[in-house]
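First the structure, in the form of structure tokens, and then the observations on it.
Read-outs throughout are calculated quantities, based only on the coordinates presented, and are distinct from any laboratory measurement. Predicted model only: the values in this text are computed from it and were never measured. For neighbour counting, all protein chains shown are included, and Cβ atoms are generated from backbone atoms with ideal geometry for every residue, glycine included.
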Amino acid sequence: MEVKSRHYLSAKDVKKFNQEIVKLYPHLEGSVELKNSTVEVITLTENIKLYIVDNKLDWIMIKDRLIPSVSLLNRGLEIPFIKVDMGAIPFIAKGADVMRPGIVDASDKISRGSIVKIIDEKYSKTIAVGESLINYEEFKVKKQGKAVKVLHHVGDKLWSLAGSLNIKQ
């Protein structure tokens, strides 16, 4: 994974980016305001873009899908959650998808295809971001199989690259 280009968004483009976030995550309207922020876009190989807001990795575009970073979620941004038991954490921290048996709780706002944060049961810290493969109703009855496809996790290549570029986590 290499940096292809870096540039700052103009004020007009920052406004458009903010509107895109609210369009994708309507419940964030009013809580995400980038008007007076500096937004840098780092384009990487592998069809990935990092959105650095005020020198913090906040948003990641993976194959045209915009997701919040683990660090942004740990700073208080709220999206639906999946809570996993402590035994699942080492596997998720290595990039494994979340399996249904490791889930101890989930937000009732989860739908198939929605972006969710994966939190640990002890400290409620976000350890990964993923795409839900089941909805809340399925979560209540399903006991086996994959539940969340992990897209970004603590310690992954994006996390490490941000650190090497002196971007705050």
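Please count how many residues of the stretch 76-93 are without any contact (Cβ under 8 Å) to a residue 12 or more places away in the chain and either polar (S, T, N, Q) or exposed (fewer than 15 other Cβ atoms within 10 Å of the Cβ) (or both). Count: 2. Before we move on, is Leu161 under 25 Å from Glu33 (Cβ atoms) and not in a loop (DSSP other than H, G, I, E, B)? So Leu161 fails the test. The residues of the stretch 54-75 that are crowded, with 20+ Cβ neighbours inside 10 Å and among the aliphatic types (A, V, I, L, M), listed by number, are Leu57, Ile60, Ile67, Val70, Leu72, Leu73. Residue-level analysis places Glu137 outside the set of residues that are under 12 Å from the mean Cα position of the chain (by Cα) and of a type in the set (Asp, Glu). Note on the stretch 23-41: among residues that are out of contact with any helix residue (DSSP H, G or I) (no Cβ under 6 Å at 6 or more places or on another chain) and β-branched (Val, Ile, Thr), the one that is surrounded by the most Cβ atoms within 10 Å (Cβ to Cβ) is Val41.
To keep it simple, each residue is scored yes or no on (1) free of Cβ contacts under 8 Å to residues at least 24 places away in the same chain; (2) among the basic types (Lys, Arg); (3) surrounded by fewer than 16 Cβ atoms within 10 Å (Cβ to Cβ); (4) part of a helix (DSSP H, G or I).
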position	(1), (2), (3), (4)
Arg6	no, yes, yes, no
Lys16	yes, yes, yes, yes
Gln19	yes, no, yes, yes
Thr43	no, no, yes, no
Leu50	no, no, no, no
Pro101	no, no, yes, yes
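From the list Ile62, Ile42, the one residue that fits, being among the hydrophobic types (A, V, I, L, M, F, W, C), more than 18 Å from Gly130 (Cα to Cα) and touching a His at 6+ places or on another chain (Cβ under 9 Å), is Ile42.
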